[in-house]
1. Compute, for the protein assembly as shown, the length of the dipole vector about the Cα centre, with Cβ point charges of +1 (Lys, Arg) and -1 (Asp, Glu) only. Units Debye, rounded to 20.
2. Using the Cα centre as the reference, give the magnitude of the dipole from point charges on the C-beta atoms of chain B (Lys, Arg: +1; Asp, Glu: -1; all else neutral), rounded to the nearest 20 debye.
3. I want the antiparallel fraction of DSSP beta bridges within the protein assembly as shown, as a percent rounded to 5.
4. Considering only C-alpha atoms, what is the centroid distance from region A:42-69 to region B:68-129, in Å?
5. Between region A:133-172 and region A:237-298, how many Å separate their Cα centres?
6. Order B:179-185, B:166-172 from most to least packed using the mean count of other Cβ atoms within 10 Å.
7. Sum up the charges of everything whose Cβ sits under 14 Å from the Cβ of A:Ile304, counting Lys and Arg as +1 and Asp and Glu as -1, but leave A:Ile304 out.
8. Among A:Val46, A:Val246, A:Asn260, pick out the residue whose Cα is farthest towards the positive end of the charge dipole of chain A, where Lys and Arg carry +1 and Asp and Glu carry -1 on C-beta, about the Cα centre.
Amino acid sequence: MYSYTCCAAIYEHVSTSQREVVAIAPVIVAEDLRKQFDEFVAVDNVSFTVEEGEVFGFLGPNGAGKTTTMKMIQCVSPKTSGKLTVFGMDVTTQPREIKQLLGVVPQENNLDPDFTVFENLLVYSRYFDRPRAQVENMIAELLDFVQLREKQDKPIEQLSGGMKRRLILARALINTPRLLILDEPTIGLDPQARHLIWDKIKSLKAQGITVVLTTHYMDEAARLCDRLVIMDFGRILVDGKPDALVSEYIGTDIVDAEHNPRVIACLNRMGAKYDVWGDTVRVYTAHPQDVIAALLNDCGLGTITARAATLEDVFLKLTGKKLRE
Amino acid sequence: MSRGYFTVPKLSSRVWKVWSRNRSVFMKTWRVNFFPPFVEPLLYLFALGFGLGRYIELIEGMSYPRFIAPALIAISIMNSAFFECTYGSYVRMYYQKTFDAIIATPLSIEEVITGELLWGATRSLIYATIMLPVIAAFGLIELPDSLLIIPFAFLAGFLFAAIGMCFTAITPNINALNYPAFLFITPMFLFSGTFFPLELLPQPLQYFALAALPLTHVVGITRSLTLAEPSGFFVLHLVWICVVSLVLFVLAVNLMRRRLIV
């Protein structure tokens, strides 16, 4: 069975003074944050604030600047200009203190193939100055948490993709972080493995850990994030709560109809809001029945699908349909 | 942020955490790791020392095996640190992303690279330590003077680790590491006073070897120690090794930083 309360014990060790420090200010503050590689501007003067205890998402196509932003927060990539503080500390002057409070799940798996599952966590704990006596119990607890206890003596190469992601999550928790950075936490995983990771993220949030994540998966963002931003070309296009973004930019429902001149004429007559996506017309509405009735009665159409509007509709509307490399 | 090639890195005792990561890996496969330094001197001694060496009466007043014994140790010091910090470090950096994983923790890239260099130096120390009794069993080295080679192996190993790390920092890919291996390490192996006295080289080449082939200085010291005959150049060799190690250490760390921190 899942042990949802795992790590609670570990988190009790966090001193109250440490909690207080975090409570008075936002966890991350970015103002006009910029990252430039020669001519290319990867992050173009973005500003955002992450509050304690929330799950904050970065959505965007490939190359939008999400991972670059994560790397600046992690203090591994220096910013070009602007302000960036984590727990009130400047990323340029106090990287060591910040990194002590962070847990990181990178986009690319970087588990140590020279070691077993258990050894990976043990070796990683040394980098955080964890006393060996505490660490052994903690590793057992973390392996239970991510359901890898029975694999603890296996080499990394014998783990499935989902197991590797879970082990990386456990590794990110070895220093009882106050802020967890997840860069595409479920990339390339099957649905079962994704659900398991989502459960873990929710239970960590329930323990008061602040989570910042990037994802391409809209359902993942809608499910997990309290607030999110959509980025493209290094800029933040919108920010807000997932539901609010959907109703603000799309409405409550979507009717997809066949794209032909008659339908377009019909929709224009009705004064409906719509976009054309290839051979489909996407109608944004709060009253799907009326739109369907009108299309069926007035235009005699065959294929119509009605569904609830999702974050993906917002995403595609804002970032366009052009393929990104 | 502009950093020069010779910015002095800020380091802490955390460098030893990287060192102990590599030691843990080494000890997991200790059998296979302890094998080469045990076998290598035997192969060279039989082929060159007792084989080819039969045709050599005396070289600088000593038997040929006795002449090459300190060179074999010096070569092993060179190879173990150089290859650890080229191919070994490159695999950890590029393929395993080990450095990326470590710099997400309170360690800095400067500390990671320094830890790698210290580990390379330690490997040289381990190899020299294993070779000494093997060679001593043939009565080719003077004891206890030769025992000083053990601490010296760490220093000389650090030099070759730093040289290797500089190449690792600038190599476009792992195959290109063959260039320094064949154009620098192999000539050094042959022309540093290893298998024949440096004095046999034309004078300009002797100066070149002293200026640009670090192994020349390392062999100079190991030979003084195995023969228990400190030469007048002993201190000069030592100073050369210390100064060049320090300069290349700082350079290696800065080059690696430029490569990895963007």
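Read the figures in this text as sums done on the coordinates, not as results from a lab. Since this is a predicted model, take the numbers as computed values, not measurements. With ideal geometry, Cβ positions are generated from the backbone for all residues, glycine too; neighbour counts draw on all protein chains shown.
1. Dipole size: approximately 460 debye.
2. 1100 debye
3. Taking every DSSP beta bridge within the protein assembly as shown, about 65 percent pair in antiparallel fashion.
4. Between the Cα centres of region A:42-69 and region B:68-129 lies a distance of 37 Å.
5. Here the answer is 47 Å between Cα centres.
6. B:166-172, B:179-185
7. Once positives and negatives cancel, what remains is -3.
8. Going by the charge dipole, the pick is A:Val46.
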